[in-house]
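Asks: This structure is in structure tokens; I'll ask about it shortly.
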Amino acid sequence: MAVAYSIKEKVTEYFNDIPDLKGQEPSKLLIDFVIEKYKQQRNFPVNFTENQIEDDIQRHISTIAMAVVDLKMKEGAEGELSHSENSISRSYENAYISSSIFNDVLPYVHSL
């Protein structure tokens, strides 16, 4: 999938702006996972072609890339909603992909 490569490039660019992640690349598994979750969120109509889906994903590359970064930053803290250690406190709105990342991704609505 060509969009997976575009997402990888964007995520790598974001990683290079984060000192702890600089020089790292996202795993294919993580990218594929986020793409699948994006597709579920989007709820594409059954008559959409792969090209239409890829075009839609391409328009939301930054959002999808931020979801990958979000999950990467939570690595090692899976399932945690709150954590305190050595005067550092972390709290996530969600132990999964933060719901606010996909706020602007509206699902297609199917009619009966």
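Bear in mind these aren't lab numbers, they're just calculated from the coordinates by the rules spelled out. Computed from a predicted model, the values in this text were never measured in an experiment. Neighbour counts run over all protein chains shown; Cβ positions are idealised from the backbone, glycine included.
Asks: How high is the FRET efficiency between LEU29 and ASN86 when r is their beta carbon distance and R₀ equals 25 Å, given to the nearest 0.05? Working shown, then result.
Replies: Values: r = 31 Å, r/R0 = 1.24.
Efficiency, rounded to the nearest 0.05: 0.20.
Asks: Which length gain, in nm to one decimal place, applies between GLU36 and ARG59 when the Cα-Cα distance is subtracted from 0.36 nm times their residue separation?
Replies: 6.7 nm
Asks: Subtracting the Cα-Cα distance from 0.36 nm times the residue separation, let me have the gained length for ALA2 to HIS110 in nm, one decimal.
Replies: Net length gain for the segment: 36.1 nm.
Asks: Give the lysines whose C-alpha is closer than 25 Å to that of LYS22, dropping any in the same chain fewer than 8 places away, or say none.
Replies: Partners found: LYS8, LYS10, LYS72, LYS74.
Asks: Using per-residue counts of other Cβ atoms within 10 Å, averaged over each peptide, order 67-74, 36-43 from highest down. Let's see the in-between values first.
Replies: Details: 67-74: 20.2, 36-43: 15.0.
Descending mean neighbour count gives 67-74, 36-43.
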